[in-house]
Structures are given as C-alpha cells and as structure tokens.
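Undergrad: Dropping a structure here in structure tokens format, bear with me for questions.
The values are calculated or read from the model by the stated rules, or taken from the named source; none is laboratory data. Everything quoted here is computed from the prediction, not taken from an experiment. Here the Cβ positions follow ideal geometry from the backbone for every residue, glycine too, while neighbour counts run over all protein chains shown. With ligands, DNA and RNA removed, areas are computed over all heavy atoms of the protein, side chains included. Shrake-Rupley method; radii C 1.70, N 1.55, O 1.52, S 1.80 Å.
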Amino acid sequence: MKIGIMQPYLLPYIGYWQLMNAVDRYVIYDDVNYIKGGWINRNRMLTTAGKDTYFTVSLKDASSFKKINEIDILQVPDKILKNVQQVYRKAPCFAAAYPTIEGVFQFPEKNLGRFLVHANRLIADYLGIETELIVSSELEKDNALRADEKVLHICELLGGDEYYNAIGGQELYSKEKFADRGVKLSFLKPELVPYLQFKSDFIPGLSILDAMMFNDRTRLREMLGAFELV
C-alpha cells in the first residue's frame, strides 16, 4: 500500500498532483502548523503580459503557531476569478476547466482547512485521480508524535508499506529509518513538461490552474506520469 502525506496548498503545481496520483492513499495534512509566507494560501498564474503573478486568499489572524484547520479565511478576492477570466479566456481548455476553478473559489467555507480539502477534491476529480483522499484531522492517531515519527505512525495506521514524499523531503527523512520500520521510502522528482502558454516563453511551476487551461484531460493525465522516483 503506497501512502502520500502532504499539507494542502492553494491549487499547487503539477508535482503535487503527480504525488497524489502515484499513491493508493493520500493524507491531506490539515492539522499541522500553518507555514507563513508559503504556498498554503497563495500561488502563481500568468498575467496578460505573459509574466507570472501571485494570487492570494487573505486569512484572519494567521500564525505559524496555529494549525491549518484552526485558521479562517478573511476573504477570497473576487479579482482572482476576474483575473483568471481575463488572462485565460482565450486558452484552448478554458471552457472545460473554468467551472472547476470557479467551484474552488466560490465555495462558501471560512475554515481554511476545509476550503483547501474541498479544492483538492475538485481538482483531483477533474484530473481523473482515483486515489483515496483522507483528511488527517479525521484520523484517530497519536497527535503527540512529531516529524517522521508521526508520518511512520500514519503509514502504520493505514497499512502502508511504501511512503512517497516530495523531493524536498530528502533533507528531512531517512530511508534507513523507514526501512527499519518496514516502510520503503521514495522521493518523487517531478518533470515539469513544457506546454504552450499562448505565445510567451514557458514559465514552469505555476498553479495547476495554468496547466488545466492549456492542456486537455488526456494530456494532463500524461503529465501526471512524468516523474522519477529516487
């Protein structure tokens, strides 16, 4: 049983979804501390000038001392959807993809954790990801554990004998320690496959919404498989 565990981010780039698609069970880690200045409530998209810009969901009293699911959304700016319409309305897959993006930002939920879980489920469905999604805060587990001990604990609870982590986790987790507990640890290294973004030079690593606007679902499924395990 392959397990993946990641914090929920706001419409993250393709590598996030590659990991979700590659495992059998994926835990949305909503009960860990919020990372200020990270990707939990912001991401990047194109501008009409073919550059990249941030879009952000503003939060109420956000703090790194609070869990993601303990923070409320202050506002989902109307301008996010307006900018998506303005920038991408002539993109080849806009008509197919926009209703899903609209469903993300018009979801009437003030809790950040629940808002992001809903967003994850909508995008996963659009991408055809059939992985079982599990919300961490709904798991009966030992929340006193930290770091790799908590990850191993979750793997054991879910019957996981393989654990996939993002490539950045190489500095955090030891393959030997995981192997000693009967879990094979692998790191997913994504390939950011170039695609045509109007007539601009390709800007890699933008929000998944960008990939959805320019690639049909068949092509997106191919992109989900473009990674290496190390």
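Undergrad: Put +1 on the Cβ of each Lys and Arg and -1 on the Cβ of each Asp and Glu in the chain; which of MET212, GLY113, ASN69 then has its Cα farthest toward the positive end of the dipole?
TA: Most positive-ward Cα: MET212.
Undergrad: Obtain the nm distance between the two label points defined at SER64 and ASN111 by a simple spin-label model: each point lies 7 Å from its Cα along the Cα-to-C-beta direction.
TA: Distance between label points: 2.6 nm.
Undergrad: Divide by every residue of the chain the summed helix terms, -39500 (n - 2.57) for each DSSP H run of at least 4, and state the resulting mean residue ellipticity at 222 nm, rounded to the nearest 500 deg cm²/dmol.
TA: Result for the chain, helices only: -10000 deg cm²/dmol.
Undergrad: Name the most mobile residue of TYR126, TYR195, TYR29, meaning the one with the largest mean-square fluctuation, in a Gaussian network model of the chain with Cα contacts below 10 Å.
TA: Ranking TYR126, TYR195, TYR29 by mean-square fluctuation puts TYR195 first.
Undergrad: For the chain, what's the relative contact order in percent, using C-alpha pairs closer than 8 Å and at least 6 residues apart? All intermediate terms of the calculation are to be shown ahead of the outcome.
TA: Numbers: 393 pairs, mean separation 67.7, N = 230.
Computed over the chain, the figure is 29 percent.
Undergrad: Another question, if that's okay. Averaged over all directions, how much area does the convex hull of the C-alpha atoms of segment 59-190 cover when projected, in nm²? Walk me through the numbers on the way to the answer.
TA: Details: hull surface 41.3 nm².
The orientation-averaged projected area of the Cα hull of segment 59-190 comes to 10.3 nm².
Undergrad: Percent of alpha carbon pairs in segment 46-109 separated by more than 12 Å?
TA: 74 percent
Undergrad: Looking at the calculated P(r) for the chain, what percent of the C-alpha pair distances fall above 23 Å?
TA: Cα-Cα pairs in the chain separated by more than 23 Å: 49 percent.
Undergrad: What residues have an amide H closer than 5 Å to that of ILE134, excluding those fewer than 5 places away on the same chain, when H is modeled at 1.01 Å from N in the peptide plane?
TA: Sorted by chain and number, the residues that satisfy this are TYR26, VAL27, ILE28.
Undergrad: Now, a different point. Remind me, relative contact order of segment 1-124 in percent, using alpha carbon pairs under 8 angstrom and six or more residues apart?
TA: 24 percent
Undergrad: Residue by residue, what Karplus-based ³J(HN,Hα) values in Hz, rounded to whole numbers, does segment 207-223 have, using 6.51, -1.76 and 1.60 with θ = phi - 60° and x for Gly and Pro?
TA: With the stated coefficients, segment 207-223 comes to 3, 4, 4, 5, 4, 5, 6, 10, 10, 6, 5, 4, 5, 4, 5, 5, 5 Hz.
Undergrad: Which whole-Hz ³J(HN,Hα) couplings does segment 43-48 yield from phi under the Karplus relation 6.51 cos²θ - 1.76 cosθ + 1.60, θ = phi - 60°, glycine and proline marked x?
TA: Coupling constants for segment 43-48: 7, 10, 9, 6, 10, 5 Hz.
Undergrad: From the backbone phi of segment 91-104, what are the Karplus-calculated ³J(HN,Hα) couplings (6.51 cos²θ - 1.76 cosθ + 1.60, θ = phi - 60°) in whole Hz, Gly and Pro given as x?
TA: Karplus-based 3J(HN,Hα) across segment 91-104 equals 5, x, 10, 4, 4, 6, 8, 4, x, 5, 5, 4, x, 5 Hz.
Undergrad: I've got another one for you. Given a 1.4 angstrom probe, I'd like the percentage of the accessible area of the chain that is carbon and sulfur, rounded to a whole number.
TA: C and S atoms contribute 48 percent here.
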